[in-house]
Amino acid sequence: QVQLVESGGGLVQPGGSLRLSCVASGSIFSINAMGWYRQAPGKQREVVATITSGGSTNYAGSVKGRFTISRDNAKNTVYLQMNSLKPEDTAVYYCRQVIQTRRGDPFYQYWGQGTQVTVSS
C-alpha cells in the first residue's frame with residue numbers, strides 16, 4: 001500500500017510565497033515521474049509542473065518563472081516552491097507520483113489528498 005501526504009498549503013497574500021511538500025510512504029521500490037496539479041472551483045484539474053526521474057522539468061505557462069518543482073529521491077518527496085503568488089493561483093493542489101512497488105511490477109500513479117492554497121488580501 002502506498003500513501004501520498006501533502007503539506008504546506010494555506011492562506012497567503014498576493015506576492016507571497018508557499019512551499020508544498022508531498023511524501024510517499026509504504027511499499028515503494030522505484031519512483032518515476034512526479035508532479036503537481038491543481039483544481040480551482042468550477043474548473044477542471046490542470047497540470048502545474050512535472051519532474052522526471054532524471055530531473056527534467058516542465059511547467060504550465062501560467063506558473064513558469066514563478067514556481068519551481070524539485071524532488072528528493074532519498075526521501076520519496078516532491079516539492080513545489082511557489083513565489084509571486086497571484087489570486088488566480090488559488091486552488092486545491094494535488095501531487096502525483098508514478099510508483100513501482102516491487103521489482104518487475106508495473107508503475108502505477110498515486111495521488112495525494114490535496115492541500116488548499118488561497119491567495120487573497
> Does the range 51-74 contain at least one residue that is under 23 Å from Gln113 (Cβ atoms), open to solvent by 70 Å² or more (accessible area, probe 1.4 Å) and touching a residue at least 24 places away in the same chain (Cβ under 8 Å)?
Replying inline: yes
>> Going residue by residue through the range 28-36, is there one that turns out to be more than 12 Å from the chain's Cα centre (by Cα) and either farther than 30 Å from Arg103 by Cβ or modelled with pLDDT under 95 (or both)?
In response: no
> In the range 85-121, what count of residues is obtained for those that are open to solvent by less than 80 Å² (accessible area, probe 1.4 Å), of a type in the set (Ser, Thr, Tyr) and farther than 21 Å from Ser7 by Cβ?
Replying inline: 1
>> Of everything in the range 3-16, what is within 17 Å of Gly112 (Cβ to Cβ), open to solvent by 20 Å² or more (accessible area, probe 1.4 Å) and part of a strand (DSSP E or B)? Give them in sequence order.
In response: Gln3, Val5, Ser7, Gly10
> Here are some conditions: (1) closer than 20 Å to Val5 by Cβ; (2) in contact with a Gly (Cβ under 8 Å, 6 or more places away or on another chain); (3) open to solvent by less than 60 Å² (accessible area, probe 1.4 Å). Arg19 meets all but one. Which one does it not meet?
Replying inline: (3)
>> Tally up the residues in the range 26-37 that are surrounded by 14 or more Cβ atoms within 10 Å (Cβ to Cβ) and closer than 17 Å to Val5 by Cβ, please.
In response: 6
>> Against the conditions (1) charged (D, E, K, R); (2) surrounded by 12 or more Cβ atoms within 10 Å (Cβ to Cβ); (3) more than 20 Å from Tyr110 (Cβ to Cβ), where does Arg45 fall short? Just the number, please.
In response: (3)
>> Quick check on Arg45: is it charged (D, E, K, R) and within 21 Å of Val2 (Cα to Cα)?
In response: no
> Taking the range 63-100 on its own, how many of its residues are in contact with a helix residue (DSSP H, G or I) (Cβ under 8 Å, 6 or more places away or on another chain), more than 13 Å from Tyr37 (Cβ to Cβ) and not in a strand (DSSP E or B)?
Replying inline: 0
> Residue check: is Ser84 at positive phi and among the hydroxyl-bearing types (Ser, Thr, Tyr)?
Replying inline: yes
>> Glu6 - would you say it is out of contact with any His (no Cβ under 9 Å at 6 or more places or on another chain), of a type in the set (D, E, K, R) and under 13 Å from Thr77 (Cα atoms)?
In response: yes
> Do we find a residue being over 15 Å from the mean Cα position of the chain (by Cα), without any contact (Cβ under 8 Å) to a residue 40 or more places away in the chain and not in a strand (DSSP E or B) anywhere in the range 101-113?
Replying inline: yes
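The values are calculated or read from the model by the stated rules, or taken from the named source; none is laboratory data. Just so it is clear, the structure is predicted and the values come from calculations on it, not from any experiment. Backbone-built Cβ (ideal geometry, glycine too); neighbour counts: all protein chains shown. Ligands, DNA and RNA are stripped out before the accessible areas are found, and what is left, the full protein with its side chains, is counted by its heavy atoms. Shrake-Rupley method; radii C 1.70, N 1.55, O 1.52, S 1.80 Å.
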